Each structure stands twice: as structure tokens, then as C-alpha cells.
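The values are calculated or read from the model by the stated rules, or taken from the named source; none is laboratory data. Because the structure is predicted, anything quoted here is derived from the model rather than measured. Cβ placement follows ideal geometry from the backbone for every residue including glycine, while neighbour counts extend to all protein chains displayed.
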């Protein structure tokens, strides 16, 4: 099978009222030559033409109930079966910040293959009880199958801005954390300026246990992170990596598989 | 018709005064007599809805009746080639490049924030966004200068009917955060300022900058006869009734309860799609005019849009969608409910426009149409309840109010220098007005939209220092940037409104230049006391003249602004506070310069001259000395120094730069040490007292860090412009050491400096 060309990769950037990071995600894919499209949930037909679904950050429907909860429930009532099939077929689904919260509320993250759609985690209020906008340092963990970080070596550090009030990843049972670890689902941890991942506030801006900043599902094709790689597309670290690598990786993943 | 009441104006003067109070219109007896004459020519008495509309249109807030004479005389007669369409609309339009313009708006939301800090501040953000959107522009940045009494004010000093400044401060930040973050526009600049004069009346100023493709610029005027008015957005409710008349009088101890309904309720999740829908309809060329509903609500927007196009309007009031069904006609007409926009549309494009709003889940209804005659009439279920000449309605009076010079305490003062200057520096850094604002800044999303090239906090992660200005790179395909900063120092203003205002202009220019931006436009938010008091009127006119002293000489003018008078409460008037927003142009954002020192062994230069001008300085306030000479401004020197520094920055000769403001040289050096943890050794010379050298707040000064290899080109560049400068030391180690005549006067570790500067707001606000 021929490798899919980047220009043919259609990315669905889903928006509803209150999503507000869609332009940055759109720009990130566009800059790399892919073909992103904004799709308002009210105009959503199907995922048939798309190879990637991105759920952007923001405050979908105001987040007045719980971050991501309303958007998740509207997705469930609009195209839940189609989404499950999309995930099952191995197409990548990414959520950043509020999008991560949506994927967790949908039960697609942590997302164990046998219990897809079962909600067993949440992104809870930051320990500081405040919205925190600060640049965070992230370390790539031993997660080799994540569709969004394939080009980023394990142990590599990124500087990625965080901006959220609810980013503390809590799981319903500590065993879930162990399973995620065993499956290589922990993709990013917050670290300090010396690269240590055993850190506290403010390096970890939300108090997330084990300093988790981003995770993928068991299969590796659903990915969510709190910090914003789409906001650090150009800002590179010493090794030349920036938030761009997330988008390059997923384009590469799609190219190799579809 | 029982909902509409006729009001008899043919009554004695005393009764007219009562009528003004009973109706809450805020019209003076003289104004009511002019209105009586108008209606006697019409052969009838006004109806309540007509009188209410006049109260809105003729309020200080809407028609600038006390200020417009002086603004025209002193401030608006400067021109700049980059100005496209300034002063006349809700936002000023300035050229960005051949194809794009940027829109600037700055406004106050002071009274609502004093009564209900969260809602007042949030709806302030909402309103300023609409001002930019109604030019067809996409908002790209928010700024928010905010002013409070010190959060440490003891409870027994709080007058009746006033909320504690700590509560107000916290609520205002929450409101800006929750609205700005939700709507997805970065809050990138502003200032947090404390002065006991804001006890009864805090100031919350909000500004917005937007970008528009020149071909998409739209104005707040209808296109032609037969155009249809579409009202889009949230429902109209009883929130925000009499907002502008409430803003046009002093607060008193009953305002807290009596005026609660004048504060609107914000809904950012209605606003966000409303912006998308308006911009989409405009880009598709489906609109002939677009205007936001702000102060005065429908009563201001319909008449102003129609008249600006040279026409009149007919409105069917029953079509307005309501939050509460039992509202009286006049309430509907003057309500300032948030998240509403008015469009004028040609009949053939009506369906397409309504379809766009439907897609975005935003209600949009037809409420009227444009007619030939310059009159406004309103029907309610087919019955005429309003019929007035539009020019009479919207023009409003203009006053030249009496003035009285205030005795100022701005003479030279004598004082002794403290022995321990290191300890004094720490005290200055610890002052709320100098200390780090990151408790505020980090609650705002300053990077959403991913266009923030230089954020308000700069340096290593989690050790950042303040930037002088933030820089936005607005376009995907261009490296051009816009720098933004806001400033005013009420301590200087209180001592001397003329030189205080001139100093605010100087600081705004300094901040822009410090990041490598050429001053390109300004907006002003003039917050003053009751103009009916001659002393307050004098302060206002002094300040306007102080701004004019500088603005004409630096290649940029005021393009937009707002006047907020009657900022007085039970604890007296606020200090005169002309908040200035400065916007600078950077040709290449890669060349932007930031505050923190970048490396050891680089030369440190002080640019400009230090004078014994200590009036209102942080230093004198800290050691408890009142009075003194407020720093002067020579606009020609400012313009000259700015050009010289900008040229050097273009050549990459300046590695870091910071302007000298509160706390003078010593605080500026300390702030430069903080961001990257790099110290400095500085040697002062000359006959001037060391404490004055360290802490004077003379204007037109900067510190620059320069690589030793560039010494000659840096110095030659400044000499070429006859700018005074001095190499005062070099970056070194992790301490700030300052000597005078071989005697150490400051010796502090960067850690101790950071600690003193970082903590204060976190400690008090938690």
C-alpha cells in the first residue's frame, strides 16, 4: 500500500461554542502541509473523510458543569458509534487541554481496549484552585506507541505553555495508574529545569499525581495532554524540538498506516 | 398603551428636578427645559420612553458633554500618516500593513466594578470586545489597567457602602479571567495599581486590539433606505438599566443596593459564537453596518447608526427577544444587557445572514428598518410610542464648566537618606506597586491564539520578571508585530496632573521602545472626579494638556478613548487617572528585546539623565515624605532617545533593555537581574546624592545590556543622536552590587531580591 501523502490527510478540528484553540491547531497542521478543516458540531456529518480528529482547547459550553462534560455528552449524542469505530480502526484522536478533558469525560482516555467508553478518570481542579498560565517543562516518558509522539525520543524535554484551571488527572483506582504505566500510556510528565520528574508546584502547575501531563490509550491512537503544543509550534529547545513534533508525529503516523 | 406614560414637563422648576430623580434619567433642570421646548414645538408632552432615551443619549457617558470641548481643543488636533479612521467610532483604525489595519479601543467599567466587581469587570471585557468586533475586526489581545486601594487597608477605614479593596481586587481579577479566558482572547498587558484614593471608587479600564483585512472594514452606520435592522445575541433583560446614567454621577453609600440593577450580567459563551457569526457575515459582505449595544442599549445604537448613515429608522419593539416577558417598553429600549450586536442588512441578504446566526446557535431577530427622514419612531403592536427628531435626540449638550486651580503640594522637599540602602531597596521591591504582578497575570490566559510572541512575564520558567510591553505577531504570514503597554502613575497625578499625565505618556513610550517597538498609536481612558466641581474640572483639563504636551511630538496620536467622570464615592474622589494604552510597531518580532539580563560580562548602560525630581516617587512614599517635584518631560528628548535606541535594536546591538520607572535605577536593575538570575556590578559617579541617583524617577531613561564587542557602535549610535548615556557597570555573578566612590551602597543576592519582589501579592491575596 502506498504511503498516504501529507496533503491528503484530512484533519477534523471539531468546534462548538466556547472552543477557542481551534485556529492554532488548524494552523499547526496547515503549516506542515496537511489539510485541516473546521467542523462545527451542528454541521457534523461523519468522520468518513477524515484521518484524524482533534478536539481543541477552550471552555466548551462554558465548562459550567465540569470541564469538558457538556461537549462530551453532545459528542455521545451526535456520533458516538462513529467515533468508536474511528478509534477502533486506529485513526488518531487528539485532545489538548479542554479537548483532553473531553476525551477523559468520554471514557476514551485512559481508554483500555476492553472497556472503551468507561469513564474512570477526571481532570480535577488545580491544587492552587486557580487558573494557571505558565510555561511548563515536559519530559517524554517511556511511551513508544503513542501516535502523537513517535518522532520524540524518550527522555526528551519540551517547553510547552500550560493554561488551565482543571488539569489534575485523577483516576478512580490506583491500579489504573499502574496499568497505564505498564502499558506505556503515560506520555508526558511535568519536570523541572534539571529534568527531574519528581517535582512539585509550580513545575507541576495543577498538582496532578505522578506529575502526569499527557496520556494515550492502550492502543496509542487516542492522546490527550493539558499543555498546549499548538502554542509552541516555533519555540524550539536545544535539540530542535518544539510543540511542532506532536503534529509532525501524528502526520507521520497516518502516512505510515493509511 | 398603559405601559407607556406621558410625562408633563410644563411644571415648575422644582418639580422638574424631582422628575429627573423619579425617572432616573439624570437630566439636569436646564436640560429638561430644552427638552420641554422641543416637545412644545411638537405640540405634546414626551412619553416616558422618549425621556428615558434622552437621558441615555445626553448622559456624560454617551455624549461627553463636559469633556468634548477640551478633547477637541487639545488632544484631537494631531495627525499621523498611519491613522486610517480615528476617534469617531467605537474603535480607532490604524494601518498595520498594505492589506491590514488594527482596531484599538479602551474603556472604563469603574462604577459597575465598584458595586459588583466580578460582573462589572467581566462585562467590561465583553463591551470592549464588541467595540472592536463592530469594526469588522477579530480581537487579538486584551489589556486591563486596574486601580484599587491597598489590599491591606484596615477594615475600620472602610466607609459605609464601600466594599473592601481586597474583595474588589479579587473579584475584578476573577471577572476579567473568567470572561477573557472563556472567550479565548489573550489578556497580554495591563497594570495593577494601588493608591488609597481608590477606596470608594476602584477603576477598571479595559482595552482591546483587533485585526481586520482592510477590505472587511465596516462602520457603525446603515447603508441606505430599506436596510433592515437585525438584533443578534443574548436576550434583553432588566440587567443594566440606567448603566450610563449611573456611570454619570457619584457613587454614594446607597449605590451598593440601589444601583445593583445597573450592572449587566456577562455570558462569554454567547459572546464567543456571536463574534464568529458577526465576522463571518461581514466577511461575506452581507452587512451594510455593524454596531455593538453598549451604554444606552438599543436607545443609542439604532438612532446613532441611522443618523451616521444620514437616515432615520422605524422600530417594532415587540420583536426584541426578552429575558423577562413583563418588561416595560422604556426598559427594553434602554436596557444594557450584554452580548448583543446590531446589524443593518439589505433585504436580499436577510435570509443568508439569519442562516449564519442559526448555524452558530445565536438568536437574531428583525427589529426595524431604515427610513429616509432623520427621525426615529417606535411602534409597539402597531401603536406609535416614540417619535423624535434624531439630530435633537443624539447631539446632546456641550458644556465649558467652571474650573478652579487646585493648590498642589509639588514643591521641593528636604529629607534625609536612610543609612541602609540595601534594606531600602528591598522595601521598595516589596511595595505592592513595584512588586511582581504574577498573581494577577498568571490567572489570565496570555497565550491563547498562539500569537503572543513576547508574553508579559519573561525569563527562565518560574523565575520570570515583568516585560515592559507584550508583543503580538498578529498574522500567520508576516513577522510584523504589535507591542502593547499601559501606564499612568496616580501618585504623580495627585501631586501634579499636568506633569503626571506627561510622565504617563513618557512611560508608555519608554515601555514600547524597551521592547524594540516604534510608538504607533495611543488610546486614553480618562478617569476623573465630578466635573461639576471646579477643582475636578481643572484637574481634567490640566491632565489633557499634559498628554498633549507629549503626544504631538512622537509620530503617533490618540486614535480612540473614553472619558469616565464622576469617579467619586463615600471616601472622596479618585486621583486623576488618565490611563494610557500605547501600541508600538515592530517590523520583525524576532528582533524584540526583553527585560532580563542575558549573560555575564556584558556592559550595562544608563541612557538619559537623572535629576533630583523625587515628587511622588516610590522612594519618598516608602520613607514617608510628602510633596516634591514631579518629573518633567521633554518630548523632543524623548523622541530623539527613542529613535536612537530603536536604531541600535534593529542592528541587534541591545541584548536586553528595561525602562526606569517606579523605584528608579535600583529597582530597574533588580528586575533585570531576576528573570535569568544574573547579577550586576554597578559604580555610580558624580556629586548627586546616592539615594537620589538610585531612586529618582526622572523620565526618559532606560538601561541597556550590550556585548563588549559592540561598545563602539552602541556609543557612537547614541552620540550621533546627542543622547546622554553612561556605562555604569557590567553583568556579573548572582548578586546586585552598587558602589559609589569606592563605597558599597547596595549589596544583595539576586535570590534575596527575587524573594522580596515575588512574594507580596501572593502573601496578601493567597
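Quick check, is residue B:500 assigned to a loop (DSSP other than H, G, I, E, B) and surrounded by 24 or more Cβ atoms within 10 Å (Cβ to Cβ)?
Against the criterion (assigned to a loop (DSSP other than H, G, I, E, B) and surrounded by 24 or more Cβ atoms within 10 Å (Cβ to Cβ)), residue B:500 does not qualify.
Out of B:142, B:84, B:93, B:129, I need the residue that is on the phi < 0 side of the Ramachandran plot, in a strand (DSSP E or B) and touching a helix residue (DSSP H, G or I) at 6+ places or on another chain (Cβ under 7 Å). Which one?
Only one candidate qualifies: B:142.
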Scan the stretch A:35-47 and give yes if some residue there is free of Cβ contacts under 8 Å to residues at least 12 places away in the same chain, in contact with a strand residue (DSSP E or B) (Cβ under 7 Å, 6 or more places away or on another chain) and surrounded by fewer than 22 Cβ atoms within 10 Å (Cβ to Cβ), otherwise no. no
Please find, within the stretch A:208-217, the residue that is farthest from the other protein chains (Cβ to nearest Cβ) out of those that are surrounded by 20 or more Cβ atoms within 10 Å (Cβ to Cβ) and more than 10 Å from the chain's Cα centre (by Cα). A:217
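Just wondering, is there one or more residues in the stretch B:314-335 that are away from chain A (no Cβ under 14 Å) and over 30 Å from residue B:269 (Cβ atoms)?
As a first pass, look at the stretch B:314-335 and keep what is away from chain A (no Cβ under 14 Å): B:314-335.
Next cut, over 30 Å from residue B:269 (Cβ atoms) only: B:314.
Taking every residue of the stretch B:314-335 in turn, at least one turns out to be away from chain A (no Cβ under 14 Å) and over 30 Å from residue B:269 (Cβ atoms).
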Of the listed residues (A:74, A:134), the one being surrounded by fewer than 21 Cβ atoms within 10 Å (Cβ to Cβ) and either touching a strand residue (DSSP E or B) at 6+ places or on another chain (Cβ under 9 Å) or within 14 Å of chain B (Cβ to nearest Cβ) (or both) is A:74
Could you list, in sequence order, the residues of the stretch A:79-100 that are away from chain B (no Cβ under 14 Å) and assigned to a helix (DSSP H, G or I)? A:79, A:80, A:81, A:82, A:83, A:84, A:85, A:86, A:87, A:88, A:100
If you go through the stretch B:237-260 one residue at a time, do you hit one that is farther than 30 Å from residue B:159 by Cα and either part of a loop (DSSP other than H, G, I, E, B) or in contact with a helix residue (DSSP H, G or I) (Cβ under 9 Å, 6 or more places away or on another chain) (or both)? yes
Filter result (part of a helix (DSSP H, G or I) and in contact with a helix residue (DSSP H, G or I) (Cβ under 8 Å, 6 or more places away or on another chain)) within the stretch B:604-638: B:618, B:619, B:621, B:622, B:623, B:635, B:638
Scan the stretch A:4-30 for residues that are in a strand (DSSP E or B) and under 22 Å from residue A:62 (Cβ atoms) and report the count. 4
Here is a list of conditions, (1) touching a residue at least 24 places away in the same chain (Cβ under 8 Å); (2) in a helix (DSSP H, G or I); (3) surrounded by fewer than 24 Cβ atoms within 10 Å (Cβ to Cβ), and residue B:37 meets all of them except one; can you say which number that is? (1)
Going by what's in this entry, would residue B:176 be described as crowded, with 24+ Cβ neighbours inside 10 Å, in contact with a strand residue (DSSP E or B) (Cβ under 8 Å, 6 or more places away or on another chain), within 14 Å of chain A (Cβ to nearest Cβ) and part of a helix (DSSP H, G or I)? yes
Filter the stretch B:40-57 down to residues that are assigned to a loop (DSSP other than H, G, I, E, B) and free of Cβ contacts under 8 Å to residues at least 40 places away in the same chain and give me whichever is nearest to residue B:335 (Cα to Cα). B:45
Test: residue in the stretch B:453-468 that is within 20 Å of the chain's Cα centre (by Cα) and away from chain A (no Cβ under 14 Å): yes
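Yes or no, residue by residue, for (1) under 14 Å from residue B:440 (Cβ atoms); (2) more than 14 Å from chain A (Cβ to nearest Cβ); (3) modelled with pLDDT under 95:
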position	(1), (2), (3)
B:185	no, no, no
B:203	no, yes, no
B:212	no, yes, no
B:222	no, yes, no
B:230	no, yes, no
B:240	no, yes, yes
Being at pLDDT 95 or above and either out of contact with any helix residue (DSSP H, G or I) (no Cβ under 9 Å at 6 or more places or on another chain) or within 14 Å of another protein chain (Cβ to nearest Cβ) (or both): is that true of residue A:20 here? no
Within the stretch B:445-456, which residues are in contact with a strand residue (DSSP E or B) (Cβ under 7 Å, 6 or more places away or on another chain) and either within 13 Å of residue B:596 (Cβ to Cβ) or in a loop (DSSP other than H, G, I, E, B) (or both)? B:445, B:446, B:447, B:448, B:449, B:451, B:454, B:455, B:456
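Among the strands (runs of 3 or more DSSP E) contained in the stretch B:661-766, which hold 2 or more residues that are over 28 Å from residue B:194 (Cβ atoms) and within 36 Å of the chain's Cα centre (by Cα)?
Strands (runs of 3 or more DSSP E) meeting the threshold: B:702-706, B:725-731.
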Which of the residues belonging to the stretch A:32-53 are within 14 Å of chain B (Cβ to nearest Cβ), under 20 Å from residue A:231 (Cα atoms) and not in a loop (DSSP other than H, G, I, E, B)? A:36, A:38
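Answer yes or no as to whether residue B:345 is closer than 20 Å to residue B:241 by Cα and buried (at least 24 other Cβ atoms within 10 Å of the Cβ).
Judged against the criteria, residue B:345 is not a match.
Considering only residues of the stretch A:227-237 that are out of contact with any strand residue (DSSP E or B) (no Cβ under 7 Å at 6 or more places or on another chain) and either surrounded by 23 or more Cβ atoms within 10 Å (Cβ to Cβ) or within 23 Å of residue A:212 (Cα to Cα) (or both), which is nearest to the other protein chains (Cβ to nearest Cβ)?
Ranking the candidates gives A:233 first.
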